[in-house]
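Just below is one structure, and these are the notes that go with it.
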Amino acid sequence: MTKTPSSLQDLSKSLYDKAKAEPTKRFWGLYVHVCKMETLQEAYEMTKKNDGAPGIDGVTFEVIEESGAESFLQQIRDELIHNTYRPMRLRKKEIPKDGGKVRILSIPSIRDRVVQGALKLILEPIFEADFQAGSYGYRPKRTAHEAINRVAQAIVEEKTKIIDLDLRAYFDNVQHSLLLEKVAKRVQDDAVMRLLKMILKATGKKGVPQGGVISPLISNVYLTGIDKMLEKAIETTRYQQYTAIQYARFADDLVVLVDSHARHSWIVAALKKRLREEFEKLRVEINEEKSRMVDLRKKKESFGFLGFQFRRVRSLKGRWRPQYTPKLKKRTALLEKLREIFRRNESQPVGRVIERINPILQGWVNYFRVGHSARCFAMIQDWVEKKIRRHLMRARKGKGFGWKRWSREWLQNVLRLFNGYRTRYYEPQRKVAPAR
């Protein structure tokens, strides 16, 4: 049984260290930690910080706080201890996607999000010890930007043959039986497994809810075998300190990069075969229409990853380097979102319009500032400023854009229009390649 440390943080470290030291160890005595008030309070604070819409019961954080969060958590704890807890049905919400499609967001009640959060707090350090270096999605202290930098570094190292895979409705097709088998390899606690099974059954016969607190963790558990296969391939094809393969995975978004030298041409076919075998074991379908092979050495070839479009270009010094810019559909989606705000707020004061667009601009720019986005940012900045100028002129029943009337500095300093368009390009490390 896991000895109870003095705090949740100590427990997490203890579980991680033990799991890292003993890769085959199965943990028991975990459920008691899930039920602790300390764990539930931490899960509640995390859930409250993320906010989010209420579930099918309509209960909001305001309602919980009015009645007392302590009694709310105590009731959850009592249900968990006495095995009377049952998850509620999920509230379904459609989220528009590119191309007119929709993504179904499954929203648990706050009560169920707290329980999932408590379970995640206990299980995450165990499985973090098993996760691989190329996995970045929804992991502590790991970001999408780091995954993007990993891909850029691989391109610098001449890994220019790209296996760009797209998984068809991955989250909707996770097999519960296979997932529970993978969790059971590390967890020997019937109460924990029963709780996880109930959470999964609330989703349906298969799949994990996109919106569930524990979904990112168990989705990574499900795909860890893919990462391990790729790590083994990297080591198998290694020559001294040089590697022929690199990969990066963020949730279900996976890209594999292979060295371009002719002696490695067999690797691409072998990797594609192994990837298909591994995904077939998981009963995950590869979307053949969107999956593709790319050779960045060919003119105008590119691939997408995490919202960026990657290609290879020559620098001013004549060296080949990666170039990654926001994908066209990401730019289009941003402008459409902003255009709708301007349309809905035609009669509102300009200050209110700016209050609504600034957070959107800041979030979008902060994500894409790591690439070669300067030209894209300049276009967006000009577009937004023109919209603001037209709004100002329309309020004064005038025409044009008021170029002489209002300077860019006035829009930024007086109206407080967002102006943080500075890029922060990552400089990959160049290594001396082996003789080709």
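Remark: region 382-394, residue by residue, has Karplus-estimated 3J(HN,Hα) of 4, 4, 5, 5, 5, 5, 5, 5, 5, 5, 5, 5, 5 Hz, where x stands for each Gly or Pro and the curve is 6.51 cos²θ - 1.76 cosθ + 1.60 at θ = phi - 60°.
Distance check, please: which entries in 36/185; 36/101; 49/232; 141/161 exceed 31 angstrom between their Cα atoms? If you can, show how the numbers build up before the last one.
Values: 36/185 24 Å; 36/101 42 Å; 49/232 39 Å; 141/161 29 Å.
As for pairs spanning more than 31 Å Cα to Cα, those are 36/101; 49/232.
The helix-based estimate of mean residue ellipticity at 222 nm for the chain, built from -39,500 (n - 2.57) per DSSP H run of four or more residues and divided by its residue count, is -15500 deg cm²/dmol to the nearest 500.
Separation of region 237-284 from region 159-226 is 22 Å, based on Cα centroids.
Summed over the residues of region 189-243 and divided among them, the accessible surface reaches 43 Å² per residue at a probe radius of 1.4 Å.
Subtracting the Cα-Cα distance of residue 169 and residue 45 from their residue separation scaled by 0.36 nm leaves 41.5 nm.
Using a simple spin-label model with pseudo-atoms 7 Å out from Cα toward Cβ, residue 24 and residue 83 lie 3.1 nm apart. Given a Förster distance of 22 Å, report the FRET efficiency between residue 292 and residue 133 from their Cβ-Cβ distance, rounded to the nearest 0.05. Taking R0 as 22 Å, the efficiency between residue 292 and residue 133 is 0.30.
A 1.4 Å probe run over the protein chains yields, for region 1-69, 60 Å² of accessible area per residue, whole-number rounding. Less than 5 angstrom separates the built amide H of residue 247 from those of 257, all sequence-distant by 5 or more or on a different chain. Here the 3J(HN,Hα) profile of region 310-323, calculated from phi with Karplus coefficients 6.51, -1.76 and 1.60 at θ = phi - 60°, is 9, 8, 10, 9, 8, 7, 4, 8, x, 8, 6, 9, x, 10 Hz, Gly and Pro shown as x. 3J(HN,Hα) along region 121-127: 4, 8, 7, 4, x, 5, 7 Hz, from the Karplus curve 6.51 cos²θ - 1.76 cosθ + 1.60 with θ = phi - 60°, whole Hz, x for Gly and Pro.
Roll a 1.4 Å probe over the protein chains and send me the accessible area per residue for region 273-347 in Å². Walk me through the numbers before you get to the answer.
Details: 4910 Å² over 75 residues.
That works out to 65 Å² for each residue.
Ranked by the mean number of other Cβ atoms within 10 Å of their residues, highest first, the peptides 109-120, 393-404, 51-62, 217-228 come out as 109-120, 217-228, 51-62, 393-404.
For the chain, which whole percent of the accessible surface, found with a 1.4 angstrom probe, sits on carbon and sulfur atoms? Intermediate results must be reported in sequence, preceding the final value.
Working: 11520 of 22960 Å².
Reported share for carbon and sulfur atoms: 50 percent.
Sorting the segments 368-374, 79-85 by their residues' average number of neighbouring beta-carbon atoms within 10 angstrom, most packed first, yields 368-374, 79-85. When mean projected area of the Cα convex hull in nm² is calculated directly from the model, which label among [x] 19.8; [y] 25.8; [z] 71.0 fits? Here mean projected area of the Cα convex hull in nm² agrees with entry [y].
Working from Cα pairs under 8 Å separated by at least six residues, relative contact order for the chain is 16 percent. Here r is the Cβ-Cβ distance between residue 328 and residue 9 and R0 is 35 Å; the resulting FRET efficiency, rounded to 0.05, is 0.20.
Annotation note: GluC sites (Glu not before Pro) in region 323-414 located in DSSP loop regions with a Cβ neighbour count of at most 13 within 10 Å are 346.
The values are calculated or read from the model by the stated rules, or taken from the named source; none is laboratory data. None of these values were measured; they are calculated from a predicted model. Cβ coordinates were reconstructed from backbone atoms using ideal geometry, including for glycine residues, and neighbour counts include every protein chain displayed. Note: areas computed on protein heavy atoms with side chains; ligands, DNA, RNA excluded. Shrake-Rupley method; radii C 1.70, N 1.55, O 1.52, S 1.80 Å.
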